[in-house]
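Participant: One structure, as structure tokens, below. Some questions next.
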Amino acid sequence: MAPEELCLGNGSNELIDLICRVFASRGEHAVFGHPSFPCYRIGAIAQELSFTAVPLRDHLSWNVDDLLGAVTGATKLLFVSNPNNPTGSYIPGSELARLLRALPERVVAVIDEAYVEYADADDFTPATELRNERERLAILRTFSKAYGLAALRVGYVLGTPEMVTALNRLRAPFNVGTLGQLAATAALGDDAHLRTTVEATIVNRGRLTEALTSLGLRVAPSQANFLLVGVERPGRSVYEALLREGVIVRPMPDPLHSWIRVTVGKPQENERFIHALERVLRNARV
Ligand SMILES: Cc1ncc(COP(=O)(O)O)c(C=O)c1O
């Protein structure tokens, strides 16, 4: 990556908003998945774009043809969270390459790789390896997840120098603070720490999946650092009951009202969650 291919943001969240402002105008169209990261929708609404939120299959799985089918003559942006928040699902490399090739030239394909470090499936391909497939490709990365620096607010977009020049024209000049830049630079120099953290998360993700499955619950296969768990009752009531047990998970909006999302923690934290969830699910009132 060359410096002229990078634009830094106050977290990748800021860059989603910036991309909407720079690459699309009022009345133009954006495509993203549903359920997916809500900030694509917020960015589109703030810019007065029309948009299509493409339902994931069974609410969980990406389908490239469904995304392509939503593209219209007015589409300027397509957002894909890969792996996806909140489902943990991903588009395999060959399908992602097909999507990048098939999109009309004017569309900026935004591949949001906030959780890329946790993806270990054999057929997962980071978009950084697919840059030859398409000119208008913006790859979003963040230091908020695997690097653990969420509060310091550093993310970046990788694109062509032309795209980065356009982004820099509207980017606030002092958007990323010195502390964040220093922390991100130090983090990039500590591969061993990143590897240890990510490996532990992947192992614990597997164990937590097994523990939840053995409670008879449906767990969406995840390539991220969280699991989406089907609780077969309103997720919000499970969330509130868990809160009373001192465990914080996330209830999900429709169509995932009977699912909760839980972040993979340390083994003791995961155990505490499992025991609390067992107690909560035994309670008929939940
Ligand atoms: C898919 C996805 N993209 C981007 C972000 C934003 O992260 P940040 O602004 O901290 O870089 C998140 C945070 O939850 C996310 O889930």
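FYI, it's all coordinate maths here, none of it is from the lab. For clarity, every value in this text was computed on a predicted model and none was experimentally measured. Here the Cβ is made from the backbone with ideal geometry for all residues, glycine too, and neighbour counts use every protein chain on show.
Participant: Work out the P(r) tail for the stretch 202-258: percent of alpha carbon pairs separated by more than 16 Å, whole number.
Facilitator: Considering the stretch 202-258, 47 percent of its Cα-Cα pairs are separated by more than 16 Å.
Participant: OK, next. With viscosity set to 1.306 mPa s and temperature to 10 °C, compute the Stokes-Einstein D of the stretch 241-285, Rh being the Kirkwood radius across alpha carbon pairs; µm²/s, no decimals.
Facilitator: In µm²/s, the coefficient rounds to 141.
Participant: Going 7 Å from the Cα of Ser214 along its beta-carbon direction, which residues of the stretch 245-272 have the amide nitrogen within less than 19 Å of the resulting point?
Facilitator: Once the point is set 7 Å along Cα→Cβ of Ser214, 264-272 turn out to lie under 19 Å by backbone N, inside the stretch 245-272.
Participant: Across bins of 10 angstrom width beginning at 0, how are the C-alpha pair distances of the stretch 26-79 distributed, in whole percent?
Facilitator: Percent of Cα pairs in each bin: 28, 55, 17, 0.
Participant: Same structure again: What FRET efficiency comes out for Gln268 versus Asp123 if R0 is 41 angstrom and r is the Cβ-Cβ distance? Round to the nearest 0.05.
Facilitator: After rounding to 0.05, the efficiency reads 0.80.
Participant: Sticking with this one: Given axes a ≥ b ≥ c from the Cα gyration tensor, I'd like to know whether the stretch 1-104 is rounded (a/c under 1.5), prolate (a/b larger than b/c) or oblate.
Facilitator: Rounded shape, in that the Cα axes give a/c under 1.5.
Participant: Rounding to the nearest 10 and keeping the result within 0 to 90°, find how far the Cα-based axis of helix 93-102 lies from the longest principal axis of the chain.
Facilitator: The helix 93-102 is inclined about 40 degrees to the chain.
Participant: Take the alpha carbon gyration tensor of the stretch 59-217, find the square roots of its eigenvalues, order them as a ≥ b ≥ c, and report rounded if a/c is under 1.5; if not, report prolate when a/b exceeds b/c, else oblate.
Facilitator: Oblate shape, in that a/c is at least 1.5 and b/c is the bigger or equal ratio.
Participant: Here is a follow-up. How far apart, in nm, are two points set 7 Å out from the Cα along the Cα-to-Cβ line at Ala150 and at Thr196?
Facilitator: 2.2
Participant: Something else about it: Tilt of helix 267-282 relative to the longest C-alpha principal axis of the chain, in degrees (0 to 90, nearest 10)?
Facilitator: Rounded to the nearest ten degrees, it is 60.
Participant: For the pair Thr72 and Arg236, what calculated FRET efficiency results from E = 1/(1 + (r/R0)^6), where r is the Cβ-Cβ distance and R0 = 41 Å, to the nearest 0.05?
Facilitator: E between Arg236 and Thr72, to the nearest 0.05, is 0.70.
Participant: Taking Rh as the Kirkwood radius, which is the inverse of the mean 1/r over Cα pairs, what is the Rg/Rh value for the stretch 170-286?
Facilitator: Reported Rg/Rh, Kirkwood definition of Rh: 1.10.
Participant: Sticking with this one: Quick one: check the C-alpha center-to-center distance for the stretch 119-180 versus the stretch 13-60, whole angstrom.
Facilitator: 17
Participant: Among Leu217, Thr87, Val164, pick out the residue whose Cα is farthest towards the positive end of the charge dipole of the chain, where Lys and Arg carry +1 and Asp and Glu carry -1 on C-beta, about the Cα centre.
Facilitator: Leu217
Participant: Quick one: work out the % antiparallel among DSSP beta bridges in the chain, nearest 5.
Facilitator: Antiparallel bridges: around 50 percent, rounded to the nearest 5.
Participant: With unit charges on the beta carbon (Lys/Arg positive, Asp/Glu negative), name the residue among Ile19, Gly9, Phe273 whose Cα is farthest towards the positive pole of the charge dipole of the chain.
Facilitator: Phe273
Participant: Using the alpha-carbon atoms, what tilt in degrees (0 to 90, nearest 10) does helix 178-188 show relative to the longest principal axis of the chain?
Facilitator: Roughly 70 degrees, rounded to the nearest 10.
Participant: Still on this structure, I have one more. Can you give me the three principal axis dimensions of the stretch 113-157 from its C-alpha atoms, in Å, biggest first?
Facilitator: Each principal axis gives a Cα extent; for the stretch 113-157 these are 34, 26, 8 Å.
Participant: Could you order peptides 125-137, 190-202 by the average number of other Cβ atoms within 10 Å of their residues, highest first?
Facilitator: Per-residue mean Cβ counts within 10 Å order the peptides as 125-137, 190-202.
Participant: Okay, moving on. Calculate the dipole size of the chain relative to its Cα centre from +1 charges on Lys and Arg beta carbons and -1 charges on Asp and Glu beta carbons; express the result in debye to the nearest 20.
Facilitator: 860
Participant: On to the next question. Which three numbers, in whole Å and largest first, are the semi-axes of the equivalent ellipsoid of the chain derived from its Cα gyration tensor as √(5λ)? Before the final figure, lay out the partial values.
Facilitator: Details: eigenvalues 210, 101, 61 Å².
For the chain, the ellipsoid semi-axes come out as 32, 22, 17 Å.
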